[in-house]
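Values quoted throughout were computed directly from the atomic coordinates according to the rules given, and no laboratory measurement underlies them. Just so we're clear, the structure is a prediction, and the values are computed from it rather than from any experiment. In this analysis, Cβ positions are derived from the backbone assuming ideal geometry, glycine residues included, and neighbour counts consider all displayed protein chains.
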């Protein structure tokens, strides 16, 4: 059987443009600065510059593409007549949170990744696997659709999402800007071209321990907040849950940030702030999870303390038998000769927000790189695969 879509992709998908866009995007910083404050506002000046001055011009060059400005710097590109009920929302993110120790993070260089186990050309740059390759992919795919004069009978939306606060606020703003909720969502993020069908949620819980400061030569005069915080950490270890999700695993409550005040010469601090990562499973009540932490801490005399909820992301679960899931798997199979592996993640991502609003949302995309902190790269071949697979899905389901 003739693969007409494959032939069309061979003719019209501009791989040189895709690589050029990967390099161009990789040279523009969108990183969250290292430090205690790990959140980034969607209208941070560097994100506004990236979205409006770097990405937007690539979309304005596409004929037949409508641009929607959602609140707080979120941008949506829309294409298709809407003659059919099928609609697809693809999203990817601008804030870059990893690869903070990468050498020359904004080079955008095209070089071999042989030193990292991939002896083939790759584009290097901080955020290339988390953000930039996916933006380059969709900019190239939209340019292809426009240049080839392909008309979509369904509706295609591509959103540049500025969520960097561990919330669903930007996704909600994007969904609210659309004329109707889409049939299906894909978050483009580095999954190694595997298909993520679900993940745990998370609520951050901030515990503020208050004691009494004193000079370190007289520790008996202090209620040392470091010791109070240590006791909180020990009591958290007594939290045990007997049930697990069959695919997502269990819950946990673990401290991942701590700070103390005052920081002064030879001074035992009076105050400590602990940020606890409390993982959520489907059906968990975030408010109940916060109360649970307060209860396990109990009486902390001689210290006083407060427990407050902070940022939160909901868990996501998508039915593997869903028609759109099968369609994405078929597109992957057609391009790579095998079905994608199915992932069920332990991390927390934004898929839970659209899922909670009735939009089944999976995660999928090319990735690479050398761990959480080191070099970040994506091979050209993986970027081309992502572009061809998503373009094939769009043409098969919406054209």
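Here are some notes:
- Spin-label pair residue 151-residue 372: with each label point 7 Å from Cα along the Cα-Cβ axis, the two points sit 5.2 nm from one another.
- Rounded to the nearest 10 degrees, the angle from helix 15-26 to the longest Cα principal axis of the chain is 20 degrees.
- Listed from fewest to most Cβ neighbours within 10 Å, the set 170, 62 follows the order 62, 170.
- If R0 is taken as 25 Å, the Cβ-Cβ distance between residue 263 and residue 304 corresponds to a FRET efficiency of 0.75.
- Degrees separating the helix 225-236 axis from the principal Cα axis of the chain, which is the longest one: 60
- Shown is the FRET efficiency for residue 100 and residue 17, computed with R0 = 41 Å from the Cβ-Cβ distance and rounded to the nearest 0.05: 0.85.
- Take 385-398, 245-258 and order them by the average number of nearby Cβ atoms within 10 Å per residue, most first; the result is 385-398, 245-258.
- Summed over qualifying helices (DSSP H, 4 residues or more, each -39500 (n - 2.57)) and divided by its residue number, the chain shows a 222 nm mean residue ellipticity of -9000 deg cm²/dmol.
- Taking label points 7 Å from Cα along the Cα-to-Cβ direction, residue 241 and residue 322 give a separation of 2.2 nm.
- Listed candidates (i) 1.09; (ii) 0.93; (iii) 0.99 - label of the one calculated as Cα Rg over 2.2 N^0.38 Å: (i)
- Extension gain (nm, one decimal) between residue 115 and residue 295, 0.36 nm per residue minus Cα-Cα: 59.8 nm
- Shape of region 304-399, Cα gyration tensor, a/c cut at 1.5: oblate
- Relative to the longest principal axis of the Cα atoms of the chain, the long axis of helix 286-297 lies at roughly 30 degrees.
- Under the shape rule built on the C-alpha gyration tensor, where the axes satisfy a ≥ b ≥ c, region 1-143 is oblate, since a/c reaches at least 1.5 while a/b does not exceed b/c.
- Model label points for residue 287 and residue 212, set 7 angstrom from Cα along the Cα-to-Cβ axis, are 3.7 nm apart.
- Peptide ranges 349-360, 264-275 listed from the most packed, as the mean C-beta count within 10 angstrom indicates: 349-360, 264-275
- When the square roots of the Cα gyration tensor eigenvalues are ordered a ≥ b ≥ c, the ratio a/c for region 209-357 is 1.5 or more and a/b exceeds b/c, which makes its shape prolate.
- Sorting 158, 324, 241, 344 by the number of Cβ atoms found within 10 Å of their own Cβ, with the fewest placed first, yields 241, 344, 324, 158.
- Averaging Cα coordinates gives a centre for region 267-311 and one for region 74-104; these two points are 34 Å apart.
- Ordering of 186-193, 8-15, 224-231, 92-99 by packing [mean C-beta count within 10 Å, highest first]: 92-99, 186-193, 224-231, 8-15
- Kirkwood Rh, angstrom, region 176-276 [1 / mean 1/r, Cα pairs]: 17.5
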